[in-house]
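Notes for the one structure printed next.
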Amino acid sequence: MSHEEEPQALEKAHQPSSGLVVAVADPVQNPGLPPHRERMTDKDPAAMSRAVRTVYTLFYISLAASLWAVAAYMLFPIESGEFGDIRSNNLFIGLGIGFALLTIGIAAIHWSKAIMPDKEHIEARHSTRGKESTREAAVNVFREANEESGFGRRTAIRGGLIAAVVASIVPGVTLFRGLAPHSSEENPLAGDPVALLKHTMWTEGERLAHDPSGLPIRAADVALGSAVHVIPESLKDLGHLEGYLEEKAKAIVLLMRLLPEQLPAEYNRLDWSYDGIVAYSKVCTHVGCPVALYEQQTHHLLCPCHQSQFDVSRGAEVIFGPAARPLPQLPITVDAEGYLVAKSDFEEPVGPSFWERH
Amino acid sequence: MSTSTESAPATALATPADKPLGGRFIGATANYIDERTSISGLVKEIGRKIFPDHWSFMLGEIALWSFVVVFLSGSFLTFFFEASMAPTHYDGAYVPLRGIEMSAALESTLHISFDLRGGLLVRQIHHWAALLFIAAIGVHMLRVFFTGAFRKPRELNWVIGFVLFILAMALGFTGYSLPDDLLSGNGLRIIDGMIKGLPLIGTWTSYLLFGGEFPGNAIVGRLYTLHILLLPLILIALIAAHLMLMIINKHTQFAGPGRTNDNVVGYPMVPIYMSKMGGFLFITFGVLVLIASMFTINPIWNYGPYDPSPVSAGTQPDWYIGFADGALRLAPSNLDVVLFDHTWSFGILLPVAVLGLFIVLVAIYPFIEAWVTGDKREHHIAQRPRHAPTRTAIGVAGVIFYAVLWAAASSDIIATHFHLTMEGVIHTLQALLFVGPIVGYFVTKRIAIALQKKDREIALHGYESGRIVRLPGGEYIEVHQPVDAYERVKLIDFEIHEPLVVRPNDNGRIPWHENFRASLSRWFFEDRLSPVTQAEVNAAIAHQHHELEHIDHEEQEEIRGAHERAGAVDAPLHPIDDGHNPETANRPSNIIVVDEESPKKDNRPSD
């Protein structure tokens with residue numbers, strides 16, 4: 001912005017060569033600006049006064065709309081909680097504010113287009129680089145600063161400065177370790193995400209319960225072809241601040257009953273199922289969405305997020321979509337009262353892959 | 001320089017004190033401020049700055065103003081939103097969710113929606129404005145790309161704009177996650193899964209981000225800090241830099257009569273653009289408020305609180321994240337690899353790498369093109385896309401690539417809506433991801449070159465006037481009218497480049513990368529047209545005039561003959577201009593026959 005006196009034409013000397021532009025000895029002539037065409041408002045005083053009237057009328061309409069918005073705020077209460085009242089409140093305040101703003105905008109633009117002069121101006125461009133003298137002065141600033149400070153000469157100081165400044169960032173970064181908890185007496189695994197990821201709250205004898213009611217499931221109540229959303233029975237004892245969601249995010253399971261002969265031994269560890277009932281982790285091995293959709297006829301599980309498909313009759317292996325691994329299977333059996341229980345935790349980590357998984 | 005008189009605000013400070021512009025108070029205030037800030041210099045500098053006018057220059061303005069709306073509405077929301085995941089129960093006016101346990105974040109969002117008059121309106125304004133903000137940035141970027149407005153000296157401003165685009169998406173995503181409802185929780189779950197898939201740092205990055213295991217009790221508060229403090233701060237600083245560079249570089253303009261690379265033709269900042277841009281802020285704001293008052297967005301009350309277990313079919317991310325979600329969906333199955341006793345999750349890494357490469361290519365495209373073309377001059381003329389066929393074709397290929405990824409994010413909706421198989425849709429999109437950009441590239445390049453040829457044809461041989469003339473020999477021709485000189489210059493006033501020529505360096509060698517660069521350059525400027533010269537234009541104009549005179553002569557002869565045959569020798573050869581614009585011209589076929597008994601009355605040449 002500081003070199004207003006020199007039009008770019010004078011600076012051609014600084015311009016890099018035209019390079020690869022095809023030089024035309026006889027380029028097309030630019031005819032210059034076309035003659036100015038007057039608008040109706042320039043030619044006809046009546047049109048001008050009409051435009052003026054339009055502009056100020058719009059401003060007053062805006063004023064009225066603003067008043068309406070305030071009135072609507074009072075006229076349409078929402079305290080009843082009725083959906084219709086909320087909708088009216090939203091609509092009528094919005095219409096008021098919307099038209100108030102819109103008319104201001106339309107008026108201002110009409111003002112500039114119809115009333116303000118529309119003669120085009122021409123301004124010269126200047127080369128973006130500074131003038132040679134300015135550039136030299138700038139270089140001199142650095143040269144003198146360098147001589148006075150010895151920044152280039154005294155390498156020991158410079159090296160020390162760079163090392164110290166870089167090192168000074170490290171403590172700040174270190175503090176961010178505190179974003180996640182450290183291990184403690186009562187929570188020995190809190191500082192070890194890998195260990196946490198490798199375990200869920202399923203333990204031997206933990207009953208399988210309905211999600212979200214928490215009622216335990218009897219093997220006899222699981223109908224053939226059905227799919228049941230399952231959580232550990234003791235999950236309901238956890239509060240929201242005691243890791244309810246975190247445990248649930250790992251422990252959710254889908255329970256399906258097939259005919260025992262639909263579970264071929266080469267894909268399914270039969271001692272992990274009970275009478276055709278199998279339980280698989282519901283956490284997708286892709287990025288962790290719940291694999292919530294079960295297709296009874298084909299025994300396929302579908303993840304609604306990225307459409308990975310798993311074949312339950314073949315050990316929940318991936319048959320389509322971006323998932324990388326079969327869903328982990330939860331070993332189950334029944335207890336003395338006929339309730340389904342876990343035989344152990346999952347034998348591999350559930351959910352998405354991670355670096356230390358293997 | 002502009003022909004106008006001195007700018008009004010500057011004279012206000014300079015006029016003698018007896019009658020200051022705007023009255024004694026304004027004059028005194030202006031004087032007070034200037035004596036302390038020297039602001040008159042700034043007013044003088046940018047007050048009458050000239051900006052060119054074109055509808056496409058308004059797209060960036062939509063982005064700017066929708067950000068203002070986002071900022072204002074968002075500030076209002078912060079007074080009521082509680083960025084906390086502490087468990088609580090909703091007990092507000094909305095009956096279906098009363099008594100349900102949820103986080104304070106969702107509870108306060110419901111409170112804003114149902115228990116605060118106008119609260120739902122502001123929430124919806126905020127969401128709609130954010131969507132418009134990102135959309136406007138995207139369209140603005142496309143305009144800059146396809147007109148070559150990123151060329152020197154504006155490469156850095158392109159990069160700043162690109163960072164703004166990324167920031168806008170980050171702000172969108174962090175904001176989307178704040179209400180802690182079922183959908184946003186699932187979005188975070190996907191982000192968590194993606195982060196965990198990163199080699200070496202993934203597990204710990206996720207653990208630190210969520211403050212423990214997913215979902216934890218910390219993420220909403222942390223995203224809130226990013227959403228309302230850190231990211232907006234960077235965004236606003238970069239917007240300021242973006243606009244300052246725009247003023248320093250002056251806006252580009254399209255080629256046209258009187259418009260060259262050395263000037264800028266348009267209207268002054270004050271009062272024209274102040275009024276137009278200011279007005280446009282209100283129009284953007286007003287339209288957003290109207291949309292928000294009539295169309296529901298993100299009805300979190302339908303989703304309920306986050307729970308890792310349920311998810312509904314047909315879940316969609318907000319549209320601007322779609323391309324990333326789509327990339328995840330298109331990855332092939334079973335890509336986990338165990339190497340060096342660690343899990344390499346290529347099902348995540350592959351799409352992430354593809355997206356990263358795509359994004360980096362967008363960010364550095366100006367530098368790639370400058371390297372390939374070897375062009376080091378300043379460019380202030382916005383090119384028409386057809387005048388840079390290779391760039392336009394690359395741009396279209398990129399748009400198709402993005403569009404396929406974006407469509408993939410709705411693969412399930414496409415499949416159910418059009419009764420297709422899920423697998424068929426995914427496989428088709430996988431193929432399209434590679435084939436689509438290639439086909440798009442070649443088709444676009446051909447269309448651009450064809451359009452250039454059409455422009456040249458019109459500039460040199462005139463446009464088809466729609467007037468058909470029958471020559472005495474019985475031949476019918478359509479008369480081509482020469483285009484106006486002011487229109488012609490828009491069609492043919494552009495530069496044409498030659499490919500880079502490799503030259504040996506000081507050692508007399510041509511390094512391999514220079515050879516590579518030259519071959520890229522040949523490819524970039526392939527099939528270019530040679531430039532039109534003024535001599536060619538003059539010759540073409542002379543030819544056109546000669547031709548038109550000839551046609552006129554032939555036509556008049558024809559009409560005169562018809563008049564004679566009709567017995568109306570003195571009838572005018574041209575229509576009488578009676579002030580109306582007759583639909584039918586004075587043609588031999590519609591001469592009024594004066595003598596009813598003339599034997600030639602039916603002898604109409606047009607039969």
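All of the numbers you see were taken from the coordinates with simple rules; none came from a lab. Computed from a prediction, not measured in an experiment: that's the story for all the values here. In this analysis, Cβ positions are derived from the backbone assuming ideal geometry, glycine residues included, and neighbour counts consider all displayed protein chains.
The alpha-carbon of B:Lys276 sits under 17 angstrom from the alpha-carbons of these aspartates and glutamates, leaving out residues fewer than 8 places away in its chain: A:Asp118, A:Glu120, B:Asp53, B:Glu61.
Among beta bridges from DSSP that stay inside the protein assembly as shown, the antiparallel ones total about 95%. Simple point charges give the picture: +1 on the Cβ of Lys and Arg, -1 on the Cβ of Asp and Glu, and for the protein assembly as shown a dipole about the Cα centre of about 2080 debye. Straight-line cross-link partners of B:Lys19 among the lysines, defined as a Cα under 21 Å from its Cα and at least 8 positions apart when in the same chain: B:Lys44. Taken about its Cα centre, segment B:375-505 carries a charge dipole of roughly 300 debye when the Cβ of each Lys and Arg holds +1 and the Cβ of each Asp and Glu holds -1.
Which one of B:Ile248, B:Ile272, B:His380 has its Cα pushed farthest toward the positive end of the charge dipole of chain B, where Lys and Arg give +1 and Asp and Glu give -1 at the Cβ? In chain B, that residue is B:Ile248. In this structure, the residue pairs whose Cα-Cα separation is over 21 Å, taken from A:Lys119/B:Lys454; B:Lys250/B:Lys454; B:Lys250/B:Lys453; A:Lys248/B:Lys196; A:Lys119/B:Lys250; A:Lys113/B:Lys490, are A:Lys119/B:Lys454; B:Lys250/B:Lys454; B:Lys250/B:Lys453; A:Lys113/B:Lys490.
Rounded to the nearest 500, what is chain A's calculated 222 nm mean residue ellipticity when only DSSP H runs of at least 4 contribute -39500 (n - 2.57) each, over all residues? Before the final figure, lay out the partial values.
On the way: 7 runs with 115 residues, N = 358.
Here the helix-only value at 222 nm equals -10500 deg cm²/dmol.
For B:Ala393, neighbours were defined as the other residues whose beta-carbon sits under 12 Å from its Cβ, and their charges (Lys and Arg +1, Asp and Glu -1) total +2. Taking the number of Cβ atoms within 10 Å of each Cβ as an exposure proxy, the fewest-first ranking of B:Val43, B:Val396, B:Val362, B:Val289 is B:Val362, B:Val43, B:Val396, B:Val289. Neighbouring Cβ atoms from other chains, within 10 Å of the Cβ of residues in B:263-269, number 5 on average. For segment B:309-390, trypsin sites (Lys or Arg not before Pro) are listed when DSSP marks them as loop and at most 11 other Cβ atoms sit within 10 Å of their Cβ; the list is empty.
Within a 10 angstrom radius of each residue's Cβ in B:203-215, how many Cβ atoms of other chains show up on average? Whole number is fine.
Values: counts 8, 8, 2, 5, 10, 6, 2, 4, 4, 10, 12, 8, 4.
Partner-chain Cβ atoms within 10 Å, mean over residues of B:203-215: 6.
Counted by neighbouring Cβ atoms within 10 Å, the residues B:Ile50, B:Ile247 run from fewest to most as B:Ile247, B:Ile50. Remark: C-alpha extents of segment B:190-344 on the principal axes read 68, 45, 31 Å, sorted largest to smallest.
Checking every one of the chymotrypsin sites (Phe, Trp or Tyr not before Pro) in segment B:297-386 against DSSP loop status and a limit of 15 other Cβ atoms within 10 Å picks out B:Phe340.
Based on DSSP H assignment, which helices of chain B show an axial Cα extent of at least 24 Å together with a mean Kyte-Doolittle hydropathy greater than or equal to 0.0?
Membrane-span-like by this rule: B:59-78, B:119-146, B:155-177, B:231-249, B:274-294, B:346-373, B:389-408, B:422-461.
Cross-link partners for B:Lys445 among the aspartates and glutamates, with Cα-Cα distance under 13 Å and sequence neighbours closer than 8 places in the same chain left out: B:Glu526, B:Asp527.
From Cα pairs below 8 angstrom and at least 6 apart in sequence, can you work out the relative contact order of chain B, rounded to a whole percent? Walk me through the numbers on the way to the answer.
Values: 728 pairs, mean separation 79.7, N = 607.
Computed value for chain B: 13 percent relative contact order.
Reported value for chain B: 312 Å³ per residue, from the convex hull of its C-alpha atoms. Adding -39500 (n - 2.57) for every DSSP H run of four residues or longer, then dividing by how many residues chain B holds, sets the calculated 222 nm ellipticity at -19000 deg cm²/dmol. Each peptide in A:209-218, B:213-222, A:83-92, B:190-199 receives the mean, over its residues, of other Cβ atoms within 10 Å, and ordering these scores from highest gives B:190-199, B:213-222, A:83-92, A:209-218.
So what are the protein assembly as shown's ellipsoid semi-axes, whole angstrom, largest first, if each one is the square root of 5 times an eigenvalue of the alpha-carbon gyration tensor?
63, 38, 35
Two tests apply to each whole DSSP H helix in chain A, Cα reach of 24 Å or more along its axis and mean Kyte-Doolittle hydropathy of at least 0.0, and the ones passing both are A:45-75, A:83-110, A:155-175. Taking other C-beta atoms within 10 angstrom as a stand-in for reagent exposure, B:Thr421, B:Thr109 fall in the order B:Thr421, B:Thr109, fewest first.
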